[in-house]
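J.: One structure is given below, represented as structure tokens, and several questions about it will come after.
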Amino acid sequence: MTKTIRPRRSVLYMPGSNARAQEKAKTLAADALILDLEDAVAPDAKVEAREIVCGNAAAGGYGKREIIIRVNGLDTPWGRDDLIAAAKAGPDAILLPKVESAAQVQEMEKIMKEAGAPAKTTIWCMMETPLGILRAEEIASASPLVDCFVMGTSDLVKELQAQHTPMRLPVITSLGLCLLAGRAYGLTVLDGVYLDLNDDDGYRAACVQGLELGFDGKTLIHPKQLDAANEVFAPSADEVALSRRIIEAFEAAQKEGKGVVLVDGKLIENLHVEIAKAKVAMADAIAEAAK
């Protein structure tokens, strides 16, 4: 089965208890929205936030933006009820925090199915603890419903007793392990958040680094971060134009029985054509989502 290509350049967290912000999100240029019942909600507001988030997810009105509900962990007083309510609301995905085993994913899947989650609702996993990182392959292959890894770099730095640095060397190994597992099992992998809203240059550099590492997009904490993520994680016009030329030249060479083709003086092989096709497909998906 061919996997649908969906742009996930910018994935914005929205506080679950803030109904006004969730309404405003219908006008934001985010590829996806995470309606958050976990970190963004105080304990005494959890139940009310659940009603707001699940009501909004069920009502829709978010256009082509993906809607993801982040529930509380299943080991918390709110997690199971969150998951049942989220499944009934039918979002595009449900995000489970601090995933550390295949068993957690499988328990989540069982609860979702019992609650009547629609077939479209997939499972997203927060990767934010040392044990979770070490078990990334197990988690990625735990269920056909697993569709995305979301890096929780803030929690990860804390758990590693490391430090936040511009180049993120303390977490490079963890990022790489999740990217390897994600790519091995066909998952989207999203980079963690950038916390300093006043450091525009540092934020853009983090987006570029994320792209270079192989991430599909970035999770965000504020709408002001949308533009840079959308720009950096999208193929540029020049990249798309070159990609189309590569595809056309390769197809023409094949028709003529040639095994070698040059574009701009560079040798083009199958792997270059596959990369070109992926860039064109993503550009087309972004254009379609913007309609």
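J.: With viscosity set to 1.306 mPa s at 10 °C, what whole-number translational diffusion coefficient in µm²/s follows for the stretch 53-99 from Stokes-Einstein and a Kirkwood radius over Cα pairs? Could you put the intermediate results ahead of the total?
T.: On the way: Rh = 10.9 Å.
Calculated translational D: 146 µm²/s.
J.: Now for a different question. Report the local net charge at Gly16: Lys and Arg +1, Asp and Glu -1, summed over other residues whose C-beta lies under 11 Å from its C-beta.
T.: On the way: positive: Lys46, Arg50, Arg70; negative: Asp36, Glu38, Asp39, Glu48, Glu51, Asp82.
In short, -3.
J.: I've got another one for you. Residues with beta-carbon under 11 Å from that of Ala102, excluding Ala102: net charge, scoring Lys, Arg +1 and Asp, Glu -1?
T.: Values: positive: Arg135; negative: Glu100, Glu107, Glu109, Glu137, Glu138.
Neighbourhood net charge equals -4.
J.: Tell me, what % of the accessible area of the stretch 1-135 is carbon and sulfur with a 1.4 angstrom probe? List each step's numbers first, then the result.
T.: Numbers: 3110 of 5850 Å².
Its accessible area is 53 percent carbon and sulfur atoms.
J.: Suppose accessible area is computed on protein heavy atoms with a 1.4 Å probe; arrange Val99, Val193, Val47 from highest to lowest. Don't skip to the end; give the middle numbers.
T.: Numbers: Val99 0, Val193 30, Val47 80 Å².
So, going from the largest accessible area down, we get Val47, Val193, Val99.
J.: My understanding is that a pair violates if its Cα-Cα distance is over 27 Å; which of Lys24/Lys277; Lys255/Lys277; Lys98/Lys277; Lys88/Lys158; Lys46/Lys88; Lys88/Lys291 do that in this structure?
T.: Beyond 27 Å between Cα atoms: Lys24/Lys277; Lys98/Lys277; Lys88/Lys158; Lys88/Lys291.
J.: In vacuo Debye scattering of the stretch 22-145, one point per C-alpha: log10 I(q)/I(0) at q = 0.09, 0.20, 0.21, 0.23 Å⁻¹?
T.: Normalising to I(0) and taking log10 leaves -0.23, -1.12, -1.22, -1.39.
J.: If each Cα of the stretch 90-161 is one equal point scatterer, what is log10 of I(q)/I(0) from the Debye formula at q = 0.17, 0.27 Å⁻¹?
T.: -0.58, -1.19
J.: A further question on this structure: Based on the mean of other beta carbon atoms within 10 Å per residue, what is the order of 169-176, 29-36, most packed first? Intermediate results must be reported in sequence, preceding the final value.
T.: Numbers: 169-176: 16.5, 29-36: 24.2.
Taking the mean over residues of other Cβ atoms within 10 Å, the ranking is 29-36, 169-176.
J.: May I ask you to list, by number, the DSSP H helices of the chain whose Cα span along the axis is at least 24 Å and whose average Kyte-Doolittle hydropathy reaches 0.0 or more?
T.: Details: long enough: 237-255 (27 Å, -0.13); 270-289 (28 Å, 0.54).
Helices meeting the criterion: 270-289.
J.: Over all Cα pairs of the stretch 158-198, how is the pair count split among 10 Å bins, expressed in % and running from 0 up to the last occupied bin?
T.: 24, 48, 25, 2
J.: Continuing with this model, one more query. Solvent-accessible area per residue for the chain at a 1.4 Å probe radius, Å²? Please report the intermediate quantities before stating the final value.
T.: Details: 14360 Å² over 291 residues.
Accessible area per residue: 49 Å².
J.: Report in % the part of the accessible area of the stretch 167-291 that belongs to carbon and sulfur, leaving out ligands and nucleic acids; probe 1.4 Å. Walk me through the numbers before you get to the answer.
T.: On the way: 3960 of 7000 Å².
Result for the stretch 167-291: 57 percent of the exposed heavy-atom area is carbon or sulfur.
J.: With N set to the number of residues, divide the alpha-carbon radius of gyration of the stretch 137-220 by 2.2 N^0.38 Å and report two decimals. Numbers along the way, then the final one.
T.: Details: Rg = 13.0 Å, N = 84, 2.2 N^0.38 = 11.8 Å.
Compactness ratio reported: 1.10.
J.: Under the Kirkwood approximation applied to all pairs of distinct alpha-carbon atoms, what is the hydrodynamic radius of the stretch 148-291 in Å? Don't skip to the end; give the middle numbers.
T.: On the way: mean 1/r = 0.0580 Å⁻¹.
The Cα-based Kirkwood calculation yields 17.2 Å.
J.: Work out the length of the dipole vector of the stretch 142-267 about its Cα centre, built from +1 on the beta-carbon of each Lys and Arg and -1 on the beta-carbon of each Asp and Glu, and round it to the nearest 20 debye. Could the numbers behind the result be given before it?
T.: On the way: 11 positive and 18 negative charges, 75 e Å.
Result for the stretch 142-267 is approximately 360 debye, rounded to the nearest 20.
J.: Would you mind pulling out the separation of the Cα centroids of the stretch 2-20 and the stretch 58-84, in Å?
T.: Each part's Cα centre sits 12 Å from the other's.
J.: Rg over Rh of the chain, using C-alpha atoms and the Kirkwood radius, what does it come to? Could the numbers behind the result be given before it?
T.: Values: Rg = 19.9 Å, Rh = 20.0 Å.
My calculation puts Rg/Rh at 1.00.
The values are calculated or read from the model by the stated rules, or taken from the named source; none is laboratory data. Not measured: the values here are computed from a predicted model. With ideal geometry, Cβ positions are generated from the backbone for all residues, glycine too; neighbour counts draw on all protein chains shown. The accessibility values were calculated without ligands, DNA or RNA, using every heavy atom of the protein model including side chains. Shrake-Rupley method; radii C 1.70, N 1.55, O 1.52, S 1.80 Å.
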